[in-house]
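Comments concern the structure below.
Nothing in this text is a laboratory measurement; each read-out follows from the coordinates by a stated rule. As the structure is a computational prediction, the values presented were derived from the model and not from experiment. Please note: Cβ atoms are built from the backbone with ideal geometry, for glycine as well, and neighbour counts cover all protein chains shown.
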Amino acid sequence: MLFLCPKCKNKLVEKDGCAICREGHSYDRAKGGYYNLLLGSSGGVHGDNKDMVLARREFLAFGFYSPLAEKLSSLVLQYTNECCVLLDAGSGEGYYTDFVERALHERDADTNVLAFDISKDAVRELAKKNKRISAVVAGSYHIPLPDGSVDTVINTFSPLALDETRRVLKSGGRFIMAIPGEEHLYELKAKIYDTPYKNTVADTAIRGFKLISDESLTYIMHLNSREAVSSLFMMTPYAYRTSPENKARLAGLDSLECTADFRLFVYEKI
Ligand SMILES: [Zn+2]
């Protein structure tokens, strides 16, 4: 296994349902088939809680973001070599990781896809979804992987720890990132806010990387049931920031035409 002991940074070896380092630190393999490598995580919930994970799973199951998953997969195929090691940094429940892994696996069965997320509930979902992905619970500021061990890192809407991302990449490695574009979910925001705002896309230059591709993906989602509208709302950050009065505006809505707008960047480590 490629993962390192989070305590002493030595290599972990799988043995008898555990991952053990040479210092004797040992991590039990969870029933779902993943390891928890987040130190001091025994109490409390980190990252997305179970309700958020469930809301996102419900929305994603409608397929409204599958064009993004397909676009991301095609960029990964285009910008990675065969037999690559790919890491999904902040994978959530692995919706995109799974898409990308299947695309890579079809091209080349020796591809090694790794993923981590700080939410145990999310990693448990991922591990259930695709057994070929090696998944661990970990945070993006302490990625339990050696320097220069990964060919490609992907990140979809996840907090980005740039120095760590760069550290684990090989020289010339690729970093593929998807973020919400300016128009993303504008109609949803227009329903709940008096003065909806557009997203701002920050400067695309990042230190230590060269931008080699910048694409947009924009389409209209036809949310045609109350469940679809509410599951979209529940998985956005707005669900936690919107007043009950404004939420009520959405409650009776049976349909919504809403823009999905994404930017996808490919960077090369320099
Ligand atoms: Zn150790």
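Treat every Asp and Glu Cβ in segment 13-269 as -1 and every Lys and Arg Cβ as +1, leave all other atoms uncharged, and give the resulting dipole magnitude about the Cα centre to the nearest 20 debye.
Dipole magnitude for segment 13-269 comes out near 380 debye.
Want the number for R22 to Y240: 0.36 nm per residue separation, take away the alpha-carbon distance, what's left? Mind showing how you got there, number by number?
Details: separation 218, 0.36 × 218 = 78.48 nm, distance 4.41 nm.
Here the answer is 74.1 nm.
Among T242, T80, which comes first, second and so on when ranked by fewest other beta-carbon atoms within 10 Å? Show your work: numbers first, answer last.
Numbers: T242 18, T80 22.
If I rank by nearby Cβ atoms, fewest first, I get T242, T80.
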**Asked** Hey, what did the chain get for relative contact order, percent, Cα under 8 Å, at least 6 apart?
**Response** 18
**Lys/Arg +1, Asp/Glu -1 at C-beta; segment 1-134 dipole; positive extreme among C8, F64, A127** = C8
**Asked** Are there cysteines in the chain with no second cysteine's Cβ under 4.7 Å away, and if so, which?
**Response** C8, C18, C83, C84, C258
**Asked** Where a Cα-Cα gap under 17 Å defines reach, which lysines qualify for K210, not counting those fewer than 8 residues away within the same chain?
**Response** K170, K269
**Request:** Take every DSSP beta bridge whose two residues both sit in segment 13-269, then give the antiparallel share in percent to the nearest 5.
**Result:** 60
**Surface/4 estimate of mean projected area, convex hull on alpha-carbon atoms of the chain, nm²** = 14.6
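Would you order E187, E215 from fewest to most other beta-carbon atoms within 10 Å of each residue's own beta-carbon?
Values: E187 15, E215 12.
With the fewest neighbours first, E187, E215 line up as E215, E187.
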**Message:** Given contacts defined as C-alpha pairs under 8 Å and at least six residues apart, what's the relative contact order of segment 1-108, whole-number percent?
**Reply:** 15
**Message:** Suppose we flag chymotrypsin sites (Phe, Trp or Tyr not before Pro) only when DSSP calls them loop and at most 12 other Cβ atoms lie within 10 Å. Which is the longest uninterrupted stretch of the chain?
**Reply:** 1-140
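By counting other Cβ atoms within 10 Å of each Cβ, how are R174, R241 ranked from fewest to most? Write down the numbers at each step before the final one.
Values: R174 26, R241 10.
Going from sparsest to densest Cβ surroundings: R241, R174.
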